[in-house]
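Here's the structure, in structure tokens; my notes come after.
Just so it is clear, none of the values below were taken in a lab; they were calculated from the coordinates. Keep in mind that what you see is a predicted model, and the values were worked out from it rather than measured. Heads up, the Cβs are rebuilt from the backbone with ideal geometry, glycines too, and the neighbour counts pull from every protein chain shown.
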Amino acid sequence: MSRTQVAIIGAGPAGLMLAHLLQRAGIESVIVESRARDYVESRVRAGVLEYDTAELLNDLGVGERMRRESLVHRGIALRFNDRSNRIDFPDLTGGKTVTVYGQQEVVKDLIAARLATGAPILFECAATAIDAGDEPSITYRDAAGGEHTLDADFIAGCDGFHGAAREAIPPDAITVYDHTLPFAWLGILAETPPVSEELIYVNHERGFALVSMRSRTISRLYIQCRNDERLELWPDERIWGELRERLGSDRGGPDVHSGKILQKGVTPMRSFVCDPMRYGRLFLAGDSAHIVPPTGAKGMNLAIADVRVLAEALEAYYEHGETALLDAYSQTCLRRVWKTQRFSIYMTRMLHRFEEHTPFDRRIQLAELDYVTSSRTAAASLAENYVGLPFESTAGLRKVRT
Ligand code: PHB
């Protein structure tokens, strides 16, 4: 039997970042992760960091490799009617940018920095029981099949959408909002230089496409596909052909050069919110509490915003015995969650092909794109959301209460 202050389930961006924030505040934690280190470090996910997410990594002293290897982007293009239209972030947001750096790179950096301090991450340890009552504990099984119990003051459920944490909450204690979109993304990671300096979001009759990147030699490319898409129907040549078609490569658009495909997969599109994000002494953060569709690359950023709120609340508790911030946790997070949900749905609806669209709906969609790329006011709203809404610190609430 062992004990810590905060037991964290999951070594993804939320769990790892929480552990670092707590450590900075002198609060002890143990991370329990069901997968092996190698697995969590190689999961390919999105790769755009909001301005404040990148700043936070720097503030925590874990941004050194990011500063060296990432690409700072000052805009994106929205492409429709075979024309690219640029949205300039610094100009529209008072100087903000985004940072292109793969989620798994963030995860690698956070793991390395934590292990370097000697703080624990228990890999290949799967939580089998979670007690969120007055004496919280988690039971987990290690790789050799041994069962252990970890007692804690609080439990942070950072174990993703399919994790054990949300499952531990009685269904009648939460309201779940679930919205599935009628398509998915077929994504590839390929050894080919980015077709453009910046990301291009494409609205095309045949469906959405996105050209993104991980470095100056590796591209990350997506095309809208069916929800139940079968990968075997997509040999490499078909993917490259479809990308060229949607990008308008033969009609003056950017040309993609086919390279070796390193990874191929289907990303489902879904919105999901669990309300509240707390049950007793169990706090959910990141994908365990909410999923956003990937258009806009908000998933990891939202997870990190959650744990910033949670870390502030736990700090107030350990410093002053103050529980107001913990009590406000769910409400504070959900305000940002819903605004981010709104933005991700807005981007998704504006850019994808919907089977049920009438010619009228299609005209409205094109008018939306025309508006957002020709009105400075509309473009500023998109840019503000894309670089990340301001983080609303709850420290003010603490001052009022103490
Ligand atoms: C990515 O590079 O994986 C990516 C970028 C932007 C998005 C989604 C995914 O909106």
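Arranged by the count of other C-beta atoms within 10 angstrom, fewest first, what order do Leu302, Leu60, Leu189 take?
Ordered by Cβ neighbours within 10 Å, fewest first: Leu60, Leu189, Leu302.
Separation of the stretch 203-227 and the stretch 1-70 by C-alpha centroid, Å?
Centre-to-centre distance over Cα atoms comes out at 27 Å.
Report ³J(HN,Hα) in whole Hz for each residue of the stretch 34-49, in order, from the Karplus equation J = 6.51 cos²θ - 1.76 cosθ + 1.60 where θ = phi - 60°; Gly and Pro get x.
For the stretch 34-49, the Karplus curve yields 6, 8, 7, 4, 4, 5, 5, 7, 10, 5, 7, 10, 5, x, 10, 9 Hz.
Post the alpha-carbon centroid distance, the stretch 181-202 to the stretch 350-367, in whole angstrom.
21 Å
Check every DSSP H run in the chain and write down those whose alpha carbon atoms cover 27 angstrom or more along the long axis and whose mean Kyte-Doolittle hydropathy is 0.0 or greater.
What comes out of the filter, once short or polar helices are dropped, is 299-320.
Among Asp327, Asp172, rank each residue by its count of other Cβ atoms within 10 Å, from fewest to most, as a rough exposure measure.
Asp172, Asp327
Which value in Å is the Kirkwood Rh of the stretch 66-199 over different Cα pairs?
Value: 20.0 Å, from the Cα pair sum.
Calculate how many DSSP beta bridges within the chain are antiparallel, expressed in % of all such bridges and rounded to the nearest 5.
Antiparallel bridges: around 75 percent, rounded to the nearest 5.
Could you compute the longest span of the chain free of trypsin sites (Lys or Arg not before Pro) located in DSSP loops and having at most 11 other Cβ atoms within 10 Å, not counting the site residues?
The longest such stretch corresponds to 1-215.
From the Cα gyration tensor of the stretch 21-75, with a ≥ b ≥ c the square roots of its eigenvalues, which class applies: rounded if a/c is under 1.5, or else prolate if a/b is larger than b/c, or else oblate?
Oblate is the answer for the stretch 21-75, as a/c is 1.5 or above yet b/c matches or exceeds a/b.
With a 10 Å cut-off between alpha carbons and a GNM built on the chain, which of Ala19, Ala116, Ala36 moves the most?
Taking springs between Cα atoms under 10 Å, the residue moving most is Ala116.
Let me have the 222 nm mean residue ellipticity of the chain computed from DSSP H runs of 4+ only, each contributing -39500 (n - 2.57), with the sum over all residues rounded to the nearest 500.
-12000 deg cm²/dmol
Which of Phe272, Phe161 comes first, and how do the rest follow, when ranked by fewest Cβ neighbours within 10 Å?
The order, fewest Cβ neighbours first, is Phe161, Phe272.
GNM, the chain, Cα, under 10 Å: largest mean-square fluctuation among Ser29, Ser70, Ser381?
Fluctuation is largest for Ser381.
Can you give me the P(r) profile for the stretch 324-397? Cα pairs, bins 5 angstrom wide beginning at 0, each as a whole percent.
3, 13, 19, 18, 14, 12, 8, 6, 4, 2, 0
Could you count how many Lys pairs in the chain have their Cα atoms under 28 Å apart, skipping same-chain pairs fewer than 8 positions apart?
10
Report, by chain and number, residues whose modeled amide H sits under 5 Å from the one on Ala156, excluding near sequence neighbours (fewer than 5 apart, same chain).
Ala7, Ile8, Ile9, Phe283
Sequence-distant or interchain residues sharing an amide H contact under 5 Å with Val48, placed H: which?
Placed amide hydrogens put Tyr101 under 5 Å from Val48.
Take the chain, connect every pair of alpha-carbon atoms lying under 10 Å apart with a spring to form a Gaussian network, then pick out the residue of Pro136, Pro359, Pro193 with the largest mean-square fluctuation.
Per the Cα network of the chain with a 10 Å cutoff, Pro359 tops the list.
Given H placed 1.01 Å from N in the peptide plane, which residues other than close sequence neighbours of Thr128 have an amide H under 5 Å from its amide H?
Thr139, Tyr140, Arg141
From the phi angles alone, apply the Karplus equation (6.51, -1.76, 1.60; θ = phi - 60°) to the stretch 171-179 and give each ³J(HN,Hα) in whole Hz, x where the residue is Gly or Pro.
Working through the residues one at a time gives x, 7, 8, 9, 10, 10, 10, 10, 9 Hz.
So what are the ³J(HN,Hα) numbers for the stretch 209-214, from phi and the Karplus equation (6.51, -1.76, 1.60; θ = phi - 60°), rounded to whole Hz, Gly and Pro as x?
Values, residue by residue: 9, 9, 10, 10, 7, 10 Hz.
Rg/Rh for the chain: what does it come to with C-alpha atoms and Rh from Kirkwood?
0.98
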